[in-house]
Amino acid sequence: MFDPAKCADNNCEWIEVFNATDSEVDLLGLRIQDSQLNANAQGTVNVSLVAAPGQYVMLGKGPEANWTYMIKADAYTGANPAFNNGNGTMDSAAILNANGILDQTAPYTAAGALSAGVSWKLNGMPSAVANDMAANWCYSPNDFGDGDLGSPKAANDMACNPNLP
């Protein structure tokens, strides 16, 4: 969710990480950056957070005290990263492991006010190759209980939002 409507961007942007392996993975030290790949503007998972095989984990921006969604994030990454959300702006969520190695990048193009409160989701099944291409992403149609649309901590609905590009 690069442009939440429920609360301020500074507090409620979030991403999901899916553990596609057959083993548990501790996300301690995982770093999230935008397309600039600037280490000075990255969010970091600073707690041990073990993702089970096949589990979706929600990482939220900002301190938990400022989080207003009913669904709480599994971990919070602090004040960063800051994702672009102006109309037509392009950005990406880049995930680096604790050793600084770029694991995944998920690109998106914001639709300005139209996309406020609507998360960007992978259309179809998650794969390491599919998530690198913007054409495989679309806006979510699911209201997750707070008026914003997305599927935090759960598999994506197969349908895309018909009201957004």
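Here are the numbers:
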quantity: Considering residues of segment 1-17 that are of a type in the set (D, E, K, R) and assigned to a loop (DSSP other than H, G, I, E, B) only, the residue farthest from the chain's Cα centre (by Cα); calculated: 6
quantity: Among residues of segment 18-39, those that are surrounded by 14 or more Cβ atoms within 10 Å (Cβ to Cβ) and assigned to a strand (DSSP E or B), counted; calculated: 5
quantity: Of residues in segment 72-119 being under 13 Å from residue 13 (Cα atoms) and among the β-branched types (Val, Ile, Thr), the one modelled with the highest pLDDT; calculated: 77
quantity: Search result, residues across segment 47-70 that are on the phi < 0 side of the Ramachandran plot, outside any strand (DSSP E or B) and either of a type in the set (Val, Ile, Thr) or free of Cβ contacts under 8 Å to residues at least 60 places away in the same chain (or both); calculated: 47, 48, 49, 52, 53, 55, 61, 63, 64, 65, 66, 68
quantity: Residues within segment 9-45 that are among the polar types (S, T, N, Q), free of Cβ contacts under 8 Å to residues at least 40 places away in the same chain and more than 27 Å from residue 146 (Cα to Cα), tallied; calculated: 5
quantity: Every residue from segment 45-66 that is surrounded by fewer than 21 Cβ atoms within 10 Å (Cβ to Cβ) and β-branched (Val, Ile, Thr); calculated: 47, 50
quantity: Residue in segment 45-57 that is of a type in the set (Ser, Thr, Tyr), in contact with a strand residue (DSSP E or B) (Cβ under 7 Å, 6 or more places away or on another chain) and under 20 Å from residue 142 (Cα atoms) present; calculated: yes
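The values are calculated or read from the model by the stated rules, or taken from the named source; none is laboratory data. Keep in mind it's a predicted model, so treat the numbers as computed, not measured. Heads up, the Cβs are rebuilt from the backbone with ideal geometry, glycines too, and the neighbour counts pull from every protein chain shown.
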